[in-house]
Structures are given as structure tokens and as C-alpha cells.
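Below is one structure; the comments refer to it alone.
The values are calculated or read from the model by the stated rules, or taken from the named source; none is laboratory data. Source: prediction; values computed, not measured. With ideal geometry, Cβ positions are generated from the backbone for all residues, glycine too; neighbour counts draw on all protein chains shown.
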Amino acid sequence: MQTRLAELRARGGIGDLLLLLEHPAIVTIGRHAPMPATEARPVVRTDRGGDVTYHGPGQLVGYPVCRLPSRGRAVRRFVRGVEHALCDVALSLGIGATPRRGYPGVWAGPVEAPRKLGSIGLGVRRAVTLHGFALNVDERAERGFDGMAPCGLVGVRVTSLASLRRGSLPTLEAIAARVARGVAIRTDRRWVPKPLDEADLPVDDVASGAEGLRGAAGSSDHTRTFLLG
């Protein structure tokens with residue numbers, strides 16, 4: 001779906017948007033990464049760079065489809081903006097989080113042994129962003145990384161908002177709304193969050209793309225699409 005939307009964005013058929021969803025349990029690997037030794041979850045090779053990561057229930061995944069003015073600095077600024085937006089969301093929940101120099105993503109916990117709270121891996125094609133980011137919301141996301149080195153970082157542990165926060169969390173939908181607003185502010189976008197079925201997009205692209213998201217993971221039971229900015 002994101003590839004189809006990115007083609008539309010490159011042609012000027014739609015504006016910038018951010019798709020936020022919760023995936024079924026799935027492991028994805030970069031185009032040159034070795035296949036992981038796992039039989040418990042589907043493994044999908046993607047055309048992104050990087051190593052292995054997990055997506056699934058308890059994790060909010062974001063796919064920005066945004067046109068950038070140029071490569072290089074604009075891409076780096078956009079990545080930093082997304083990182084800081086996720087840190088802002090954590091802070092709004094009383095959780096301290098920060099980017100970490102040389103290690104893309106969002107980190108939290110002890111300074112001497114920070115844990116990965118969120119991941120980011122963006123690509124650009126025809127000046128439009130592809131791939132995206134993930135924020136670990138509850139312990140189910142943490143368990144999804146059992147037996148793997150997240151993003152190929154041996155010895156690194158992951159954490160979640162639920163593990164770091166005292167008290168209950170807002171719903172995943174409410175957290176998605178905060179992420180949509182935060183990314184808009186930090187990357188200077190002007191979208192208004194809305195449900196996918198209310199978005200002003202070509203009907204065929206939305207319908208076939210949503211089915212593609214479900215089919216790629218082999219199940220429609222846990223795919224939940226929250227917001228399209």
C-alpha cells in the first residue's frame with residue numbers, strides 16, 4: 001500500500017500523509033540481511049536496508065509518505081523530526097526518551113544501558129519517503145523481539161511505554177493520534193488525523209492496499225489501521 005501511495009505522491013496525485021497501524025506478528029529483514037532462525041512468525045524480506053526487526057500487536061507502526069525538497073540534509077532533518085516526535089509522545093506520558101547519536105531510533109532507560117523504545121528506517125524514492133518507524137507500546141512488542149538482536153544490535157534490549165510508565169496507558173488509538181500530531185509538528189506538515197476509510201484517496205488504491213497489508217502477513221485478525229494524516 002505504501003508503495004502505491006508513494007507513486008501517487010510522486011505524481012502529485014495526493015498530499016503528504018502518515019499511515020499508522022498495528023501489524024499482525026511478523027519479522028522483516030533488510031534486502032541483504034541473513035535469514036533469522038525463527039519458525040514462530042512469518043519472515044518477510046523487504047527492499048529496505050538494515051537488519052532484522054519485529055512488528056506485531058502492542059506496537060504502533062508508522063509509514064510516512066512525504067515529499068522532500070531534496071536528498072541529503074532534508075532526509076536527515078526528516079528522520080530527526082520523527083525521532084523527536086516519538087520522544088515528545090513518550091514525554092507526554094511521563095517517560096524520558098531521547099535519540100542516540102550513531103544509533104537511529106528512540107532510546108530510554110539507564111544511561112549506561114539504554115533500551116530501544118522505537119525504531120526508524122526510512123528510504124527515499126523519487127523524493128518521496130518509504131518504509132517508516134515503530135514505537136513499542138506494551139510488553140507484547142517486547143516479547144516479539146525474543147531471540148533476536150533488534151536491528152542487528154547484539155546485546156541491546158528493547159522496552160515499551162508500558163514498562164516505563166507508572167500507571168495505565170491511553171489506548172493505542174489515542175497514542176496514534178499523539179504520534180500523528182507530533183510528527184506533523186516536528187516535520188512541518190499540516191495533515192489532520194482521520195480514519196483511513198474517511199481519507200480522500202482513490203478508493204481502489206485504499207481498498208487494495210489495505211488488503212495487501214493484511215495478506216502480506218498472512219492474517220487479517222490483528223491488522224488495525226488507525227489514522228491517515
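Listed by position, the helices (runs of 4 or more DSSP H) inside segment 122-229 whose residues that are modelled with pLDDT of 90 or more number at least 1 are 139-144, 161-164, 172-186. Which one is nearest to the chain's Cα centre (by Cα) among residues in segment 96-139 that are of a type in the set (V, I, T) and closer than 17 Å to R157 by Cα? By that ranking, first place goes to I120.
Selection over segment 98-121 of residues that are part of a strand (DSSP E or B), touching a residue at least 12 places away in the same chain (Cβ under 8 Å) and not hydroxyl-bearing (S, T, Y) gives a count of 12. Residue pairs whose Cβ atoms lie under 8 Å apart, separated by 6 or more positions or on different chains, with the first residue in segment 1-16 and among the polar types (S, T, N, Q) and the second in a helix (DSSP H, G or I) and surrounded by 16 or more Cβ atoms within 10 Å (Cβ to Cβ), are Q2/G209. Candidates in segment 58-97 are the residues that are out of contact with any Phe, Trp or Tyr (no Cβ under 6 Å at 6 or more places or on another chain) and assigned to a strand (DSSP E or B); of these, the one that is farthest from L172 (Cα to Cα) is R67. On inspection, L18 qualifies as surrounded by 20 or more Cβ atoms within 10 Å (Cβ to Cβ) and either modelled with pLDDT of 90 or more or out of contact with any helix residue (DSSP H, G or I) (no Cβ under 7 Å at 6 or more places or on another chain) (or both). Of all residue pairs spaced 6 or more apart or on separate chains, those with beta-carbon atoms under 6 Å, a first member in segment 176-198 that is basic (K, R) and a second member that is part of a loop (DSSP other than H, G, I, E, B) are R189/D16.
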